[in-house]
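Peer 1: My questions will all concern the structure given below.
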Amino acid sequence: MEKRPFVTRDQLEEIVNEYPTPFHLYDEKGIRENAKKLKEAFSWNKGYREYFAVKATPNPFILNILKEYGCGADCSSMTELMMSDAIGFSGSDIMFSSNDTPAEEFQYADQIGGIINLDDITHIDFLEKAIGHIPETISCRYNPGGIFKISNDIMDNPGDAKYGMTTEQIFEAFRILKSKGARKFGIHAFLASNTVTTEYYPLLAKVLFELAVKLKKETGAEVTFINLSGGIGIPYRPGQEPNDIVAIGEGVRKVYEEVLVPEGMGDVAIYTELGRFMLGPYGALVTRAIHEKHTHKEYVGVDACAVNLMRPAMYGAYHHITVMGKEDAPCSHKYDVVGSLCENNDKFAIDRMMPEISRGDLLFIHDTGAHGYAMGYNYNGKLKSAELLLKEDGSVELIRRAETPKDYFATFDCFDVLKNIKFE
Ligand SMILES: Cc1ncc(COP(=O)(O)O)c(C=O)c1O
């Protein structure tokens, strides 16, 4: 499929008059339509719920939109729990899927009534010590090990992942939890990331549904929900077809009816914890070309850097780039599109054929709506950008201001070594 920005150049020029580049821009219309589609695709399951993976886009304005579609919040840390609690997610609206979890985070998750998803069997004791009891509703994360394949394609390598319990451990964990007072159980697994295929969720569902049947039979535990977690991907590259969420929902339904219903488990709720699928395509990093450099290669320097979008530097991830106003121009020039970090991997594109770029051009870096802004950091003393929401009526709302030097220096505010800095 062709990749087109969700704004026009004229719209963007107007936005940048008010908000300087770089910034992340989110498309409210796209977010809403997609959330609605997901909900419908799983509406066959009475208890279905998407717990949005807050880590993907931790912004209260975005969370509030998703809340309107019945989403809960999947949190992985104290601040994500605090944010979710503060905007009114409460009790079972919150899933706490963390790993290597500090005691204070278990305590806080328990205090606000969130559902705790244990990453390891040893966390049973750790949790009990931290909060003084075992919650009545609890979930365990499963990792079957090995390699996760679809047909002959290797999707991911759970055997090499730090998450979850082995098969033996999850049976033992259920027995222990039950003996300590747990009454309602969930199972969770995340076996492959960014899958662009309708097969992943049904295959994962089969693994988890069969496990649920065995866990119920062998431990007597009441499995009330199965959490398929994240992993439904998006087409980052042009030419890739997006996932068909209706077909994915139907695929899971088929396995549900084959495996769970005959075992009298037709009331088990299906949960998902999607991040990328919910927000990825509905966000973009907007940046301006500020330099061109002709040395051993052709470079375009932009005013964003890996601090604003880390995925290319971190994973060599592809993000499509549209040069605004040159959407249909021939891709006649080969560029490295770079940021200003003193790191040679600070490149949004390498050897990419693009239309000729001039200084001042606006670049729209696609698919930054999930794991984009959120992964940012402050290397080289760079500041994090603003986040803007393009509303359904075409207006724009600032949903997070850009960092200022004052924010950067804030953690020295209890010392006097920087007292001479003037911020204006
Ligand atoms: C526990 C958990 N759930 C859900 C997600 C969301 O994954 P995705 O954005 O790929 O859907 C993640 C991502 O890292 C995760 O770690």
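Peer 1: First check a/c for the chain, with a ≥ b ≥ c the square roots of the eigenvalues of its C-alpha gyration tensor; if it is under 1.5, answer rounded, and if not, answer prolate when a/b is larger than b/c or oblate otherwise.
Peer 2: Working: a/c = 2.07, a/b = 1.57, b/c = 1.32.
Prolate.
Peer 1: Express in nm, to one decimal, how much length is gained between Glu257 and Ala103 on full extension, taking 0.36 nm for each residue of separation and deducting their alpha carbon distance.
Peer 2: Numbers: separation 154, 0.36 × 154 = 55.44 nm, distance 3.92 nm.
The Glu257-Ala103 span can extend by a further 51.5 nm.
Peer 1: So how tilted is helix 9-18 from the main axis of the chain? Cα-based, degrees 0 to 90, rounded to 10.
Peer 2: The angle comes out at about 90 degrees.
Peer 1: Any chance you could check the Cα centroid distance between segment 249-265 and segment 37-107 for me, in angstrom?
Peer 2: Rounded to whole Å, the Cα centres lie 25 Å apart.
Peer 1: Just how far, in whole angstrom, is segment 117-135 from segment 315-363 if you go by their alpha carbon centroids?
Peer 2: About 48 Å separates the Cα centre of segment 315-363 from the one of segment 117-135.
Peer 1: At a 1.4 Å probe radius, which order do Lys46, Lys36, Lys326 fall into by accessible area, largest first? If you can, show how the numbers build up before the last one.
Peer 2: Numbers: Lys46 205, Lys36 110, Lys326 50 Å².
My answer, sorted largest first, is Lys46, Lys36, Lys326.
Peer 1: Using DSSP, restrict attention to beta bridges with both residues in the chain and report what percent are antiparallel, rounded to the nearest 5.
Peer 2: Bridges in the chain are about 45 percent antiparallel.
Peer 1: With a 1.4 Å probe and all protein chains left in place, how much of the accessible area of segment 281-412 comes from carbon and sulfur atoms, in whole percent?
Peer 2: Working: 3080 of 5960 Å².
Percent of accessible area from carbon and sulfur atoms in segment 281-412: 52.
Peer 1: Counting only helical runs of four or more DSSP H residues, what would the 222 nm mean residue ellipticity of the chain come to if each run contributes -39,500 (n - 2.57) and the total is spread over all its residues? The partial results should precede the final answer.
Peer 2: On the way: 12 runs with 117 residues, N = 424.
Helix contribution divided over all residues of the chain: -8000 deg cm²/dmol.
Peer 1: Going by the alpha-carbon gyration tensor, a ≥ b ≥ c the square roots of its eigenvalues, is segment 1-102 rounded (a/c under 1.5) or, if a/c is not under 1.5, prolate (a/b greater than b/c) versus oblate? Write down the numbers at each step before the final one.
Peer 2: On the way: a/c = 2.47, a/b = 1.47, b/c = 1.67.
Oblate shape, in that a/c is at least 1.5 and b/c is the bigger or equal ratio.
Peer 1: Now, a different point. State, to one decimal in nm, how far the label point of Glu327 lies from the label point of Lys217, with both points 7 Å from Cα in the Cβ direction.
Peer 2: My value for the distance between the label points is 5.6 nm.
Peer 1: Under 12 Å between alpha carbons, and skipping anything fewer than 8 positions from Lys3 in its own chain: which aspartates and glutamates qualify?
Peer 2: Counting by Cα, and skipping residues close in sequence, Lys3 has these aspartates and glutamates nearby: Glu241, Glu327, Asp328, Asp367.
Peer 1: Oh, and also: Compute, for Glu33, the solvent-accessible surface of its heavy atoms (probe 1.4 Å) with the complete set of protein chains present, and express it in square angstrom to the nearest 10.
Peer 2: For Glu33, solvent-accessible area is about 100 Å².
Peer 1: Determine which lysines satisfy two conditions relative to Lys382: a Cα distance under 18 Å, and not lying fewer than 8 residues away in the same chain.
Peer 2: Leaving aside lysines fewer than 8 places away in the same chain, those within reach of Lys382 are Lys347, Lys406, Lys422.
Peer 1: A follow-up question, please. What ranking of Glu168, Glu105 comes out by heavy-atom accessible area, probe 1.4 Å, highest first? Working shown, then result.
Peer 2: Working: Glu168 155, Glu105 30 Å².
Per-residue accessible area, sorted high to low, gives Glu168, Glu105.
Peer 1: Here's a follow-up. Which shape class applies to segment 281-412: rounded if a/c is under 1.5, otherwise prolate when a/b exceeds b/c and oblate if not, where a ≥ b ≥ c are the square roots of the Cα gyration tensor eigenvalues?
Peer 2: Oblate, since a/c reaches 1.5 and b/c is not below a/b.
Peer 1: In straight Cα distance, which aspartates and glutamates are under 14 Å from Lys214, not counting same-chain residues fewer than 8 positions off?
Peer 2: Glu168, Glu172, Glu222, Glu263
Peer 1: I would also like to ask the following. What's the local net charge at Glu136, with K and R +1, D and E -1, over the other residues with C-beta under 15 Å away? Walk me through the numbers before you get to the answer.
Peer 2: Numbers: positive: Lys178, Lys180, Arg183, Lys184; negative: Asp110, Glu128, Glu222.
Summing Lys/Arg as +1 and Asp/Glu as -1 gives +1.
Peer 1: What is the gain in length, in nm to one decimal, between Asp407 and Thr8 on full extension, counting 0.36 nm per residue of separation less the C-alpha to C-alpha distance? All intermediate terms of the calculation are to be shown ahead of the outcome.
Peer 2: Working: separation 399, 0.36 × 399 = 143.64 nm, distance 3.25 nm.
Length gained, Asp407 through Thr8: 140.4 nm.
Peer 1: If you count the DSSP beta bridges with both ends in segment 21-164, what percent of them are antiparallel, to the nearest 5?
Peer 2: Details: 3 of 15 bridges.
Of those bridges, close to 20 percent are antiparallel.
Peer 1: Angle, helix 28-41 long axis vs. longest principal axis of the chain, Cα atoms, 0 to 90°, nearest 10?
Peer 2: Around 20 degrees separate the two axes.
Peer 1: Taking the full set of protein chains and a 1.4 angstrom probe, give the accessible area of Val246 in square angstrom, rounded to the nearest 10.
Peer 2: It works out to around 80 Å².
Peer 1: Within segment 28-279, what percent of beta bridges assigned by DSSP are antiparallel, to the nearest 5?
Peer 2: Working: 3 of 32 bridges.
Rounded to the nearest five, the antiparallel share is 10 percent.
Peer 1: So what does Leu208 come to for accessible area, using a 1.4 Å probe and Å² rounded to 10?
Peer 2: Rounded to the nearest 10, that gives 0 Å².
Peer 1: Using only the alpha-carbon atoms, how far is helix 200-219 inclined from the longest principal axis of the chain? Give it as 0 to 90 degrees, nearest 10.
Peer 2: It is inclined by approximately 30 degrees.
The values are calculated or read from the model by the stated rules, or taken from the named source; none is laboratory data. Just so we're clear, the structure is a prediction, and the values are computed from it rather than from any experiment. In this analysis, Cβ positions are derived from the backbone assuming ideal geometry, glycine residues included, and neighbour counts consider all displayed protein chains. Remember, those area values only see protein heavy atoms, side chains included, never the ligands or the DNA or RNA. Shrake-Rupley method; radii C 1.70, N 1.55, O 1.52, S 1.80 Å.
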